[in-house]
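Student: My structure is below; once you've seen it, I'll send some questions.
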Amino acid sequence: MEVVQIFDKHVEIKKIPGANKLFIKKDGFTHFQHDESAIRFTYITDNGEKKSQEIPLMFIQEDKRQELVEQLQSVVHTSANYAEQTMEEVAQS
């Protein structure tokens, strides 16, 4: 089972079998970070809520982890919300 699937306009996440899939629009991402244990990101829902999600890397096949991290970084960094959030952070400094 693939935990994360990246499509043209959205990302699907399903952490465990039997769980509902989480659909996140690509332009909804606002923040991304990762370390050796997990991928973490923040996104805006269709309702305008800001939510966070964490995907433990143990859920991702070891040989696919780096590729997934790079793909998600690309998605987040091209998100309109990420650009807007970054501009707000710069303005506050």
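The values are calculated or read from the model by the stated rules, or taken from the named source; none is laboratory data. Predicted model, so just to flag it, every value in this text is computed and none were measured. Cβ coordinates were reconstructed from backbone atoms using ideal geometry, including for glycine residues, and neighbour counts include every protein chain displayed. All accessible areas refer to the heavy atoms of the entire protein, side chains included, with ligands and DNA or RNA removed. Shrake-Rupley method; radii C 1.70, N 1.55, O 1.52, S 1.80 Å.
Student: With a cut-off of at most 15 other beta carbons within 10 Å, and DSSP calling the residue loop, which chymotrypsin sites (Phe, Trp or Tyr not before Pro) in the stretch 3-49 qualify? Please list them.
Tutor: Here the sparse-neighbourhood loop sites are 7.
Student: At each listed q (0.15, 0.24 Å⁻¹), what is the log10 of I(q)/I(0) that the Debye formula gives for the chain modelled as equal alpha-carbon point scatterers?
Tutor: Rounded to two decimals, the profile gives -0.57, -1.35.
Student: In deg cm²/dmol, rounded to 500, what helix-only [θ] at 222 nm does the chain give when every DSSP H run of at least 4 residues adds -39500 (n - 2.57) and the total is split over its residues?
Tutor: -9000 deg cm²/dmol
Student: Let me ask something additional. Between exposed GluC sites (Glu not before Pro) in the chain, where DSSP calls loop and at most 10 other Cβ atoms lie within 10 Å, what's the longest gap?
Tutor: Result, exposed sites excluded: 50-93.
Student: Something else now. Per residue, what accessible area does the chain have, given a 1.4 Å probe and all protein chains present, in Å²? Let's see the in-between values first.
Tutor: Numbers: 6290 Å² over 93 residues.
For the chain, the per-residue accessible area is 68 Å².
Student: At a 1.4 Å probe, what is the % contribution of carbon and sulfur to the accessible area of the chain?
Tutor: 47
Student: OK, next. Under the definition of Cα pairs under 8 Å and six or more residues apart, what whole-number percent is the relative contact order of the chain?
Tutor: 24
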